[in-house]
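As structure tokens, the structure follows; a few thoughts come after it.
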Amino acid sequence: MPVPISPLQISAYTATTACGPGKAALLDGLEHERSGLRANDFSVHPLETWIGRVDGLESAAVPESLARWDCRNNRLAWMGLHGDGFIDAVRSARDRYGAARIALVLGTSTSSIGASEQAYRELDSDGRFPEYLRSSIMHTPHSLGDFVQRVLEIEGPAVTVATACSSSAKVFAQADRLLRLGIADAVVVGGVDTLCGSVLFGFNSLALVSPQPCRPFDVARNGISIGEAAGFALLERGSGALNLLGYGESSDAHHMSTPHPQGLGAERALDDALARAGLGTDAIDYINLHGTASEKNDEVEAALIARRFGPTVHASSTKGYTGHTLGAAGIVEAAISLLALETGIMPGTVNTQALDALCGPQIRMRSAHGTVRHALSNSFGFGGNNCVLVFGRGVEA
Amino acid sequence: MSSGTMYLDGIACWSPTLVDWDSARAAFRGEAGLLDPPARRPAPELLAPTERRRAPDTVAIALEVAARAVAQAGRTPGELPSVFTSAHGDLAINDYMCATLVNEPMAISPTRFHNSVHNAAAGYWTIGTGCMQASTALTAFLHSFAHGLLEAISQASIEQRPILLVAYDIAACGALACVTASRGMLATALVLNPAPGANSLGTLTWTLQAGPAVPLQPVSAAARSLQENAIADCLPLLECIANPEGDVLLPLGDALALHIHWKAQHA
């Protein structure tokens with residue numbers, strides 16, 4: 001079992017989702033139980049489903065100097081970085097520590113594969129990519145990390161984590177290691193994922209996509225709604241107003257695309273996260289569930305929450321607001337957990353009509369206000385890759 | 001700048017022309033040549049027979065080196081957390097996904113889709129070995145090996161326990177090959193231990209170094225023959241470890257590098 005870690009302050013954070021750009025739009029959606037999902041108007045070929053689409057990316061090209069990275073995923077990264085003054089916060093950290101002392105750890109599952117898909121639709125007569133899509137960095141998963149490092153003008157280690165839907169939760173764990181080992185003095189973490197054919201038709205091939213807006217933990221749930229999002233956070237040593245308190249990472253060792261039937265991998269990540277935070281389950285006031293609205297995930301996760309947590313904790317899935325943003329889900333749901341700590345707003349599980357009988361009293365359909373001391377966020381990915389995060393309020397240094 | 005020491009407990013390497021560490025070590029020292037004709041890809045013995053046949057090349061070569069390095073370290077796979085790193089992931093599946101989406105999106109194979117995740121090799125490793133430890137999958141384009149090594153060193157140092165690092169890339173194919181330059185198959189695995197033990201092969205003393213990095217180019221003909229693979233940033237370190245003692249500089253980016261001093265146990 002891991003030993004407790006020192007809190008790390010989260011000195012800035014932001015999220016841009018289908019609810020709109022920045023934290024205010026997200027909080028407004030959560031507080032008023034407003035889903036950001038819409039009928040699929042994105043894919044080149046028709047697919048009956050609902051999506052969490054971010055408006056305005058089509059006309060939001062990145063600056064000319066960064067044209068080699070211009071694609072939907074990096075446009076969303078650019079839009080996301082401009083939310084909530086995040087770029088200014090990084091600039092200030094750069095002035096304090098120096099560019100070489102700021103690391104970057106970003107998560108993604110799609111990265112800019114959408115640009116590769118587009119190139120395949122527009123191959124020239126020699127079977128080559130069209131001229132404007134020939135930049136090699138755009139067709140590799142580190143496209144995201146490379147782009148954001150250039151935008152932020154930071155020179156510490158810059159790496160992309162790609163463990164499917166746990167990617168941008170695991171970035172917090174990696175950031176803690178870089179800070180504790182003295183490799184960096186501040187770490188920008190985050191994640192960006194965008195809508196593309198690969199994920200829409202890929203999840204469809206696994207019969208995991210719902211033709212309706214997703215209904216997490218509903219007795220009649222029938223699959224996920226895919227979304228896109230960008231989110232970022234700035235981590236530094238020492239306790240602040242908002243802190244990362246713990247994390248747990250584990251593997252299911254079970255199956256590539258279905259969770260361990262008893263949730264043993266998820267529970268192991270939960271135990272490690274609580275151990276690092278030095279907290280018991282009774283200290284947690286809000287849980288942001290992975291809650292994809294897939295039959296299996298919700299079944300296994302509901303059972304885990306019911307057996308490990310008391311009845312007073314408020315647990316919810318926010319996939320109905322944003323869609324399942326895959327590689328960005330970890331950072332988006334970390335942002336929602338931080339908003340809960342800051343405002344006391346604990347979101348409900350929007351779209352859901354009737355909870356599955358498997359759910360304990362912890363899982364709530366309606367949003368509520370209360371005092372949130374500690375919040376926990378679950379992220380589980382393909383390959384049986386699990387990550388659980390614990391956040392808490394602290395005293396500003 | 002940060003620094004520290006790791007013990008190397010296990011090492012493996014696989015390419016069609018260098019199918020294990022002993023032959024790679026000899027070739028990197030200039031004492032042996034390349035396998036001719038080249039070998040076919042290894043069978044991922046850890047997987048169930050149906051999965052073994054359908055496993056992507058990335059999974060087959062990653063599991064081969066992972067199993068060998070862990071065995072050399074005298075460990076069971078279930079006890080080690082792991083860091084998997086690859087510049088591009090499975091380029092053949094990316095080509096398949098993009099090509100199929102053009103005209104037949106409803107024909108996407110569910111198996112190939114779930115194998116398209118960057119952590120497919122990590123997932124199959126943990127499934128095949130029953131390992132429930134933490135596992136990650138990273139990429140940093142042409143510096144993917146160096147960043148995987150840095151994360152493996154970080155985890156081993158912070159948690160004070162040994163860790164498995166696996167690095168691999170395969171050749172680009174289809175239209176993607178006009179923008180992505182990766183040739184052949186190459187995989188390597190290291191078991192790093194923060195503490196010395198009976199299986200220590202030597203020490204890797206690391207230092208983070210600021211400023212523009214001029215990477216050492218591999219010198220042996222064997223290593224140079226693998227240089228067009230996207231995980232080739234591992235080659236200078238492998239070549240160094242093939243010798244009793246030496247230094248390498250692994251760039252982490254334009255302005256940062258990982259300096260490694262290698263000393264074999266009985267050098």
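The values are calculated or read from the model by the stated rules, or taken from the named source; none is laboratory data. Since this is a predicted model, take the numbers as computed values, not measurements. Glycine gets a Cβ as well: all are built from the backbone with ideal geometry, and neighbour counts include every protein chain shown.
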Restrict the check to segment A:226-244 and report whether at least one residue is within 12 Å of chain B (Cβ to nearest Cβ), in contact with a Lys or Arg (Cβ under 9 Å, 6 or more places away or on another chain) and surrounded by fewer than 24 Cβ atoms within 10 Å (Cβ to Cβ). no
In contact with a helix residue (DSSP H, G or I) (Cβ under 8 Å, 6 or more places away or on another chain), of a type in the set (Val, Ile, Thr) and within 10 Å of chain B (Cβ to nearest Cβ): does that describe A:THR49? no
Conditions: (1) farther than 21 Å from A:PHE147 by Cβ; (2) more than 9 Å from chain A (Cβ to nearest Cβ); (3) in contact with a Leu (Cβ under 8 Å, 6 or more places away or on another chain); (4) of a type outside the set (Val, Ile, Thr). B:SER157 meets all but one. Number of the miss? (2)
Which listed residue, of A:ALA169, A:ALA158, A:ALA173, A:ALA164, is more than 9 Å from chain B (Cβ to nearest Cβ) and of a type outside the set (S, T, N, Q): A:ALA169
Filter segment B:55-94 for residues that are within 27 Å of B:ALA177 (Cα to Cα) and free of Cβ contacts under 8 Å to residues at least 60 places away in the same chain; which is surrounded by the fewest Cβ atoms within 10 Å (Cβ to Cβ)? B:ILE93
Considering only helices (runs of 4 or more DSSP H) wholly within segment A:242-343, the ones with at least 2 residues that are aromatic (Phe, Trp, Tyr) are none
Test: residue in segment A:349-372 that is under 16 Å from the mean Cα position of the chain (by Cα), more than 14 Å from chain B (Cβ to nearest Cβ) and at pLDDT 95 or above: no
Would you say A:VAL390 is more than 14 Å from chain B (Cβ to nearest Cβ), farther than 20 Å from A:ARG237 by Cα and buried (at least 20 other Cβ atoms within 10 Å of the Cβ)? no
Which ones in segment A:176-192 are facing chain B (nearest Cβ under 9 Å), in contact (Cβ under 8 Å) with a residue 24 or more places away in the chain and not hydrophobic (A, V, I, L, M, F, W, C)? A:ASP176, A:ARG180
Scanning segment B:1-54 for residues that are in contact (Cβ under 8 Å) with a residue 24 or more places away in the chain and of a type in the set (S, T, N, Q), which turns out nearest to the other protein chains (Cβ to nearest Cβ)? B:SER2
Any idea how many residues of segment B:123-133 are more than 7 Å from every other protein chain (Cβ to nearest Cβ), of a type outside the set (Phe, Trp, Tyr) and within 16 Å of B:TYR168 (Cβ to Cβ)? 1
Going through segment B:41-78 one residue at a time, which ones are of a type in the set (Lys, Arg), under 22 Å from B:ALA172 (Cβ atoms) and assigned to a helix (DSSP H, G or I)? B:ARG54
For B:THR58: the one exception among (1) farther than 22 Å from A:MET256 by Cα; (2) out of contact with any Pro (no Cβ under 7 Å at 6 or more places or on another chain): (1)
For segment A:245-262 the number of residues that are facing chain B (nearest Cβ under 7 Å) and over 18 Å from B:ALA48 (Cα atoms) is 3
Among (1) within 14 Å of chain B (Cβ to nearest Cβ); (2) surrounded by 24 or more Cβ atoms within 10 Å (Cβ to Cβ), which single condition is A:ASP272 missing? (2)
Listing of helices (runs of 4 or more DSSP H) fully contained in segment A:44-128 that carry 2 or more residues being under 30 Å from A:GLU236 (Cβ atoms) and touching a strand residue (DSSP E or B) at 6+ places or on another chain (Cβ under 6 Å): A:72-81, A:86-97
All but one of (1) within 19 Å of B:ILE163 (Cα to Cα); (2) more than 16 Å from the chain's Cα centre (by Cα) hold for B:LEU8, so report the exception by its number. (2)
Answer yes or no: is there a residue in segment A:47-64 that is touching a residue at least 24 places away in the same chain (Cβ under 8 Å), surrounded by 19 or more Cβ atoms within 10 Å (Cβ to Cβ), over 30 Å from A:ARG268 (Cα atoms) and hydroxyl-bearing (Ser, Thr, Tyr). yes
Scan segment B:92-113 and give yes if some residue there is part of a loop (DSSP other than H, G, I, E, B), of a type outside the set (S, T, N, Q) and under 16 Å from the mean Cα position of the chain (by Cα), otherwise no. no
Just to verify a result, which residue in segment B:251-267, among those that are surrounded by 18 or more Cβ atoms within 10 Å (Cβ to Cβ) and of a type in the set (A, V, I, L, M, F, W, C), is farthest from the other protein chains (Cβ to nearest Cβ)? B:TRP262
Can you give me the number of residues within segment B:134-154 that are touching a residue at least 40 places away in the same chain (Cβ under 8 Å), at the interface with chain A (Cβ under 7 Å from one of its Cβ atoms) and polar (S, T, N, Q)? 3
Tabulated pairs, segment B:243-267, first more than 24 Å from B:THR85 (Cα to Cα), second modelled with pLDDT of 95 or more and acidic (Asp, Glu), C-beta under 6 angstrom, 6+ apart or interchain: B:LYS263/B:GLU245; B:ALA267/B:GLU245
Segment B:98-122 residues that are facing chain A (nearest Cβ under 7 Å), paired with ones that are assigned to a loop (DSSP other than H, G, I, E, B) and aromatic (Phe, Trp, Tyr) (beta carbon under 9 Å, 6 or more apart): B:HIS114/A:PHE382; B:VAL117/A:PHE382; B:ASN119/A:PHE382; B:ALA120/A:PHE382
Given (1) more than 7 Å from chain A (Cβ to nearest Cβ); (2) farther than 26 Å from A:ILE137 by Cβ; (3) modelled with pLDDT of 95 or more; (4) touching a Ser or Thr at 6+ places or on another chain (Cβ under 9 Å), where does B:ILE93 come up short, assuming only one miss? (2)
A:ARG128 - would you say it is under 24 Å from A:THR325 (Cβ atoms) and basic (Lys, Arg)? no
Of the numbered conditions (1) within 29 Å of B:THR17 (Cβ to Cβ); (2) more than 11 Å from chain A (Cβ to nearest Cβ), B:THR205 fails exactly one; give the number of that condition. (1)
Kindly evaluate A:LEU200 against the criterion of being more than 14 Å from the chain's Cα centre (by Cα), facing another protein chain (nearest Cβ under 9 Å), modelled with pLDDT of 95 or more and assigned to a helix (DSSP H, G or I). yes
Would you please name the residue that is nearest to A:SER379 (Cα to Cα), looking only at residues in segment A:93-150 that are among the aromatic types (Phe, Trp, Tyr) and at the interface with chain B (Cβ under 7 Å from one of its Cβ atoms)? A:TYR120
Taking the condition of being surrounded by 24 or more Cβ atoms within 10 Å (Cβ to Cβ) and touching a Leu at 6+ places or on another chain (Cβ under 8 Å), how many residues in segment A:277-291 meet it? 5
